[in-house]
Amino acid sequence: MGSSRSSLRRVPDGQQLLQETGFSAAVLLRLHQRFQFLDKDSRGHLRSEDLEAELSENPMGDRIVGAFFQPGQETVDFPSFVRVLAHFRPTEKNRTRGGEQPEPANSRNRKLKFAFQLYDRDRDGKISRTELLQVLREMLGLQVTEEQLQSIAERAIQEADLDRDHAICFDEFRKSLEKVNIDHKMSVRFLE
Amino acid sequence: MELFFNPFDNLLCILLGISFTVWFTLLLVFIIVPAIFGVSFGIRRLYMKTLLKIFEWATLRIERGAKEKNHHLYKPYSNAIIAREPTSLEEEIKEIRRSGSNKDLDSVSEFEMSDIFYFARRGVESIMDDEVTKRFSAEELESWNLLTRSNNNFHYISLRLTVLWWLGLLIRYGILLPLRVTLAFTGVSLLVFLTSLIGLLQNGRMKNVLSEKVHLMCYRICVRALTAIITYHDSENKPKNGGICVANHTSPIDVIILASDGCYAMVGQIHGGLMGVIQRSMVKACPHIWFERSEVKDRHLVAKRLSNHVQDKSKLPILIFPEGTCINNTSVMMFKKGSFDIGATVYPVAIKYDPRFGDAFWNSSKFGMVSYLLRMMSSWAIVCSVWYLPPMSREEGEDAVQFANRVKSAIARKGGLVDLLWDGGLKREKVKDTFKEEQQKLYSKMLVGTQEDRSRS
């Protein structure tokens, strides 16, 4: 009987989440506590307002909150919550996996996909000029003029767009970030 | 048959009689008389030292037990889920770009697609861990103090611990709680009765002296009713007449703690019920400042009454808690400026509770007043330290807010609490938009600033 395992029973899909996400039991429990804290009315799921309160400092707060919700859904339950957070686990180096195993959430590819989806809000597989402008406007607020915004967006698309369709698809996105140390920049240090 | 029962009955009566007498004598000698004269036998301190030794032993047992059974000991008392890097927006984005390109960084500092990583990571960190809301949940402890509220199935780890925990439960609820409730009852009824009596006297020195003595005595009884072990530091700085005493707020007990060492004029809203009865009788003996519910909203009226009271040097110093709400005693939040606007001398006081013995923080969204008091009375003890800081006045060119912040820092520093800029009202409201704007400003300076340089060259 473990003091951690008995409390893990209170966590929905606890064992399965442990394997899927790779979080340790201690971290998963803390995340559950945090989830329960954010769930002020104890509904068992979170709405966007519950998360927005924590992100009012972040210029891209709304967009990040949106990443937690599946298209069309208005609530997120604990397993979905944790699956999104799993993208931010540091990548494991020495890992061999068979072809059948699903790609872990914190692989380089999955992290890139997560970032891509932050840009590509309508999920059509391409970052259009409009979408890029929206992101830039969020990041810069009222600090830059419309012309400056347009020129920044134009330059960014020109650099990354290889097939000249005035949009950035996932492969082009990945290629432009080839040399970036994504693991370091898209990972959060979890305390054991 | 009758002959058999009678002596037995008599014996029972005699025993009961003796035990009651002994009980009340003990109560009188050890608690009420010292309360009247303000002395202490030191029993509570001895109690505190014994408890500490037991807690240390319990923690060692838990850790040893966990190691033996090879558990991953789930420590719910670690500080955070994640470690946040204290780097700035500029540093981080430069680093992301440095790793992504071989170009010389100073000449090309424009928008990169990877910049979004910074915001995404920061956002997710905020979701998982928030500095402000941590202050509003009870402070987390490193060891277990044998209270159910702070354990996480710890008492199942060893038989000895389980026995100890049960024993503790018995002692706390069976012996300590009834004793404390009786004492509290005595203290409160004495307060109401005696102050009403004093109210019948003519206004004058005699009345003030008596009122002081009565107030002190009753508060001291209440202090013993909570088994509060208080250490007062720097008593030479105690608040004087015509001043305002300002302290950080953790629980309603703060009032009892301060008022048992000095006489204050309380400020507050008049309640109904028992609280109202107490308030009304207190004001008969000496002038306190009670507001009707409707008057509380009127800031000018409040300020006027406070300044009138303060200008009369014969009246007692006012006691105010400017945070406006109970904080969990690890930090001090923003002080509301009202009391600093009046122009009187401010006497700051720092109160710090020792969390090892019982959590004094009143989470008003979780517990009502009665259940809070019951929790307090069934804890082991309430141990705290009170520091009287030297008086402060508003300086030339300082406005009320700056003065309030200065006082707040002094209190935070003395009590070993974190001095936070956050508003205590944040508990219920959202953060202001200015922080978001700051981030946008910083980022835009990086991008647009360099564009201007480029167009110049």
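The values are calculated or read from the model by the stated rules, or taken from the named source; none is laboratory data. Treat the numbers as computed from the prediction; the structure is a model and nothing was measured. Don't worry about glycine lacking a Cβ; one is built from the backbone with ideal geometry, like all the others, and counts go over all protein chains shown. Surface accessibility is based on the protein's heavy atoms, side chains included, excluding ligands, DNA and RNA. Shrake-Rupley method; radii C 1.70, N 1.55, O 1.52, S 1.80 Å.
List of remarks:
- Test item: A:170-177 mean partner chain Cβ contacts at 10 Å: 2
- Average silhouette area of the range A:106-191, convex hull of alpha-carbon atoms, in square nanometres: 6.7 nm²
- Ellipticity estimate at 222 nm from DSSP helix runs (n ≥ 4, -39,500 (n - 2.57)) divided over chain A, nearest 500: -14500 deg cm²/dmol
- Considering only A:LEU38, A:LEU136, A:GLY14, and ranking their Cα positions along the charge dipole of chain A that arises from unit charges at the beta-carbon of Lys, Arg, Asp and Glu, the one farthest toward the positive end is A:GLY14.
- Solvent accessible area, Å² - B:VAL39, 1.4 Å probe, full protein context: 80 Å²
- Calculated P(r) of chain A - Cα pairs past 20 Å, %: 64 percent
- Assigned charges on the beta-carbon of Lys, Arg, Asp, Glu; chain A dipole about Cα centre (debye): 1000 debye
- Each label was represented as a point 7 Å from its Cα along the Cα-to-Cβ direction; for B:SER19 and A:GLN36 these points are 4.1 nm apart.
- In this structure the amide hydrogen of B:THR345, modeled in the peptide plane, comes within under 5 Å of the amide hydrogens of B:ILE244, none closer than 5 places in sequence on its chain.
- Sequence of B:PHE367, B:PHE37, B:PHE119 when ordered by accessible area, the most exposed leading, probe 1.4 angstrom: B:PHE37, B:PHE367, B:PHE119
- More than 21 angstrom apart: percent of Cα pairs within the range A:13-87: 26 percent
- Placing +1 on the Cβ of every Lys and Arg and -1 on the Cβ of every Asp and Glu, with nothing else charged, gives the range B:158-274 a dipole about its Cα centre of roughly 260 debye.
- When both bridge partners sit in the range B:159-427, DSSP labels roughly 25% of those beta bridges antiparallel.
- 3J(HN,Hα) from dihedral phi, the range A:35-43, Karplus parametrisation 6.51/-1.76/1.60, rounded to Hz, x for glycine, proline: 4, 5, 5, 5, 7, 4, 9, 6, 8
- P(r) weight above 11 Å for the range B:164-204, C-alpha pairs, percent: 69 percent
- Along the range A:123-131 the Karplus relation, 6.51 cos²θ - 1.76 cosθ + 1.60 evaluated at θ = phi - 60°, assigns HN-Hα couplings of 6, 9, x, 9, 8, 7, 4, 4, 4 Hz to successive residues, with x for each Gly and Pro.
- Residues A:ARG9, A:ARG155 ordered from highest to lowest accessible area at a 1.4 Å probe: A:ARG9, A:ARG155.
- Cα coordinate range in the range B:159-427, projected on the principal axes (Å, largest first): 65, 48, 38
- Residue-level accessible surface for B:VAL283, protein heavy atoms, 1.4 Å, Å²: 60 Å²
- Taken about its Cα centre, the range A:33-78 carries a charge dipole of roughly 120 debye when the Cβ of each Lys and Arg holds +1 and the Cβ of each Asp and Glu holds -1.
- Shape analysis of the range B:235-313 places it in the oblate category; the axes a ≥ b ≥ c from the Cα gyration tensor give an a/c of at least 1.5, with a/b not above b/c.
- The figure for B:ILE256 is an accessible area of roughly 40 square angstrom, using a 1.4 Å probe on the protein chains alone.
- Put A:THR130, A:THR145 in order of accessible area, highest first, and with a 1.4 Å probe you get A:THR130, A:THR145.
- Computed over the range B:165-258, Cα set: Rg, Dmax in Å: 16.7, 55
- Cβ neighbours within 10 Å from other chains - mean over A:142-154: 3
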